[in-house]
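Student: Please find one structure pasted underneath; my questions will follow.
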Amino acid sequence: MSTPVTSPALPAAPAAPPPAWIEIDLDALAENHARLTGLMRAHNPAAEVAGVIKADGYGLGADIVGPALARAGAPALFVAHLSEGATLRRALRADPDPARHALPVYILNGMAEGERADFLAFDLRPVLNGPDDLDRWTRAGRAQGGPLPAALHIDTGMSRLGFDEAGFKALAADPARLGGVDIRITMSHLACADDPAHPLNRRQLDRFRAVAGTIGRGRLSLANSSGLFLGPDFHFDLGRPGVALYGVNPVPGRPNPMIPVVRLKARVLQVRTIDSFESVGYGAAARARPGMRVATLAIGYADGWPWSAAGKGEVVIAGHRAPILGRVSMDLVTVDVSTLPEPLIHGGAVAELIGDHRDVDALAKDAGTIGYEILTRLGRRYARQPMASGQTQVYPIGVPTPQTEVDPAP
């Protein structure tokens, strides 16, 4: 009779430090929320700012930024999908303060057929985007013994989700249809808020005012991140910023009124000196000169570092700038460290890829995309480290890296 083979128990996670990680400044996140709240309350002392944390908290971890925004005073949180709402509710219920356990969580994409039980189990609220959503949530309320809370979305010009013009007119003609739901927010969404001169902004504002004057219920919400900077006419009762909370500039072409929340760091895996005219990386896209020192970093496009940013920008190692060299590969990026002090550049040294020297918007410009995409593509291989302002997350390995001021750009 054979003896069963048993495998040894594995640790919960590797004990070694991660090769790349994201530092999330929760004090900066709270400050950005406070700045946006102050902007609204300058004209409406009762206004509040909710938090949009779809796409896993814009890539930073909804379980990290959701409770942090709740602590900062956000009266509600918005995600896109039911699964995101369930994850967020678990994180909120793990908060030491029971008052945050039941914070309203709205699902922007509404409730599909067959999702009712999960919405109720996780205490989630749908954004009602059309007659089908309204009917489903009305039936859910009847089954529970009374109207259930939700948000009502009216499309004023985006032509994606929300009650279209015909649907809005039908509700205005028969407002009793809303009697089976408890509308806490009436909302719409701006299509061109990042372009203040675009005429659609004013048209959407006028249409939303018409909604507010007819079927508007609960708090009124129109402004997204950029919309909050279009002026107080757009503020109403509740702001719904997303990317601005995380430090991305909501006013393109003007100084960023927000402060950085994200730092992205990766370890140097290897440093080599090249003694001849050799190519570096895929496609021989970069050429090395004799004597050039090249450092290879543990990060690549599989982690969300954009392939289209090949050969653009720079990183900071031990306080010194090092230009990115050649193509971005799946797991690796190479940088030119020829001018950096040799004792400071070694396997295990830390490179900062996003931070004070180069923010999310700068990387997006290099990659030909937008800050939204940079954040939301940050991969799951990164460790995510919440921290307070001024803290430095330290993972000892190899020779310690001195912290010095960043050299000025050449």
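Student: When the residues of region 83-97 are narrowed to those that are open to solvent by 20 Å² or more (accessible area, probe 1.4 Å) and among the acidic types (Asp, Glu), which ends up farthest from residue 51 (Cα to Cα)?
Tutor: Here the residue is 97.
Student: May I pose another question? Is there a residue being of a type in the set (D, E, K, R), open to solvent by 30 Å² or more (accessible area, probe 1.4 Å) and in contact with a Pro (Cβ under 7 Å, 6 or more places away or on another chain) anywhere in region 254-269?
Tutor: No, there is no match, as no residue in region 254-269 is of a type in the set (D, E, K, R), open to solvent by 30 Å² or more (accessible area, probe 1.4 Å) and in contact with a Pro (Cβ under 7 Å, 6 or more places away or on another chain).
Student: Can you tell me which of 314, 278 is of a type in the set (Asp, Glu) and surrounded by fewer than 15 Cβ atoms within 10 Å (Cβ to Cβ)?
Tutor: Result of the check over 314, 278: 278.
Each row is one residue, and each column tells you yes or no for (1) under 23 Å from residue 65 (Cα atoms); (2) touching a helix residue (DSSP H, G or I) at 6+ places or on another chain (Cβ under 9 Å); (3) at pLDDT 95 or above; (4) of a type outside the set (Gly, Ala, Ser).
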residue: 8; (1), (2), (3), (4): no, no, no, yes
residue: 11; (1), (2), (3), (4): no, no, no, yes
residue: 30; (1), (2), (3), (4): yes, yes, yes, no
residue: 34; (1), (2), (3), (4): yes, yes, yes, no
residue: 40; (1), (2), (3), (4): yes, yes, yes, yes
residue: 43; (1), (2), (3), (4): no, yes, no, yes
residue: 50; (1), (2), (3), (4): yes, yes, yes, no
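Student: Let me ask another. Anything in region 102-114 that is on the phi < 0 side of the Ramachandran plot, of a type outside the set (A, V, I, L, M, F, W, C) and modelled with pLDDT of 95 or more? List them, or say none.
Tutor: Correct list: 104, 106, 109.
Student: Let me ask you something else. For region 224-234, check the following and say yes or no: at least one residue is touching a Phe, Trp or Tyr at 6+ places or on another chain (Cβ under 7 Å), closer than 20 Å to residue 128 by Cβ and free of Cβ contacts under 8 Å to residues at least 60 places away in the same chain.
Tutor: Within region 224-234, none of the residues are touching a Phe, Trp or Tyr at 6+ places or on another chain (Cβ under 7 Å), closer than 20 Å to residue 128 by Cβ and free of Cβ contacts under 8 Å to residues at least 60 places away in the same chain.
Student: Here's another thing I want to ask about it. Just to be sure I understand, how many residues within region 110-127 are within 26 Å of residue 155 (Cα to Cα) and touching a Lys or Arg at 6+ places or on another chain (Cβ under 9 Å)?
Tutor: 11
Student: From the residues in region 334-361 that are in contact (Cβ under 8 Å) with a residue 60 or more places away in the chain and under 26 Å from residue 284 (Cβ atoms), which one is most open to solvent (accessible area, probe 1.4 Å)?
Tutor: Looking at the filtered set, the residue picked out is 347.
Results for (1) in contact (Cβ under 8 Å) with a residue 24 or more places away in the chain; (2) aromatic (Phe, Trp, Tyr), shown as yes or no for each residue.
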{"position": "75", "(1), (2)": "yes, no"}
{"position": "78", "(1), (2)": "yes, yes"}
{"position": "85", "(1), (2)": "yes, no"}
{"position": "91", "(1), (2)": "yes, no"}
{"position": "96", "(1), (2)": "no, no"}
{"position": "125", "(1), (2)": "yes, no"}
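Student: Of the numbered conditions (1) open to solvent by less than 70 Å² (accessible area, probe 1.4 Å); (2) at pLDDT below 90; (3) farther than 27 Å from residue 252 by Cβ, residue 404 fails exactly one; give the number of that condition.
Tutor: (1)
One line per residue, one yes/no per condition, for (1) over 31 Å from the mean Cα position of the chain (by Cα); (2) charged (D, E, K, R):
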{"residue": "254", "(1), (2)": "no, yes"}
{"residue": "261", "(1), (2)": "no, no"}
{"residue": "294", "(1), (2)": "yes, no"}
{"residue": "304", "(1), (2)": "no, no"}
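The values are calculated or read from the model by the stated rules, or taken from the named source; none is laboratory data. All values reported here derive from a predicted model rather than from experimental measurement. When we count neighbours, we look across all protein chains shown, and the Cβ atoms used for this are built from the backbone with ideal geometry, even at glycine. In case anyone asks, the SASA skips ligands and DNA or RNA and just uses the protein heavy atoms, side chains included. Shrake-Rupley method; radii C 1.70, N 1.55, O 1.52, S 1.80 Å.
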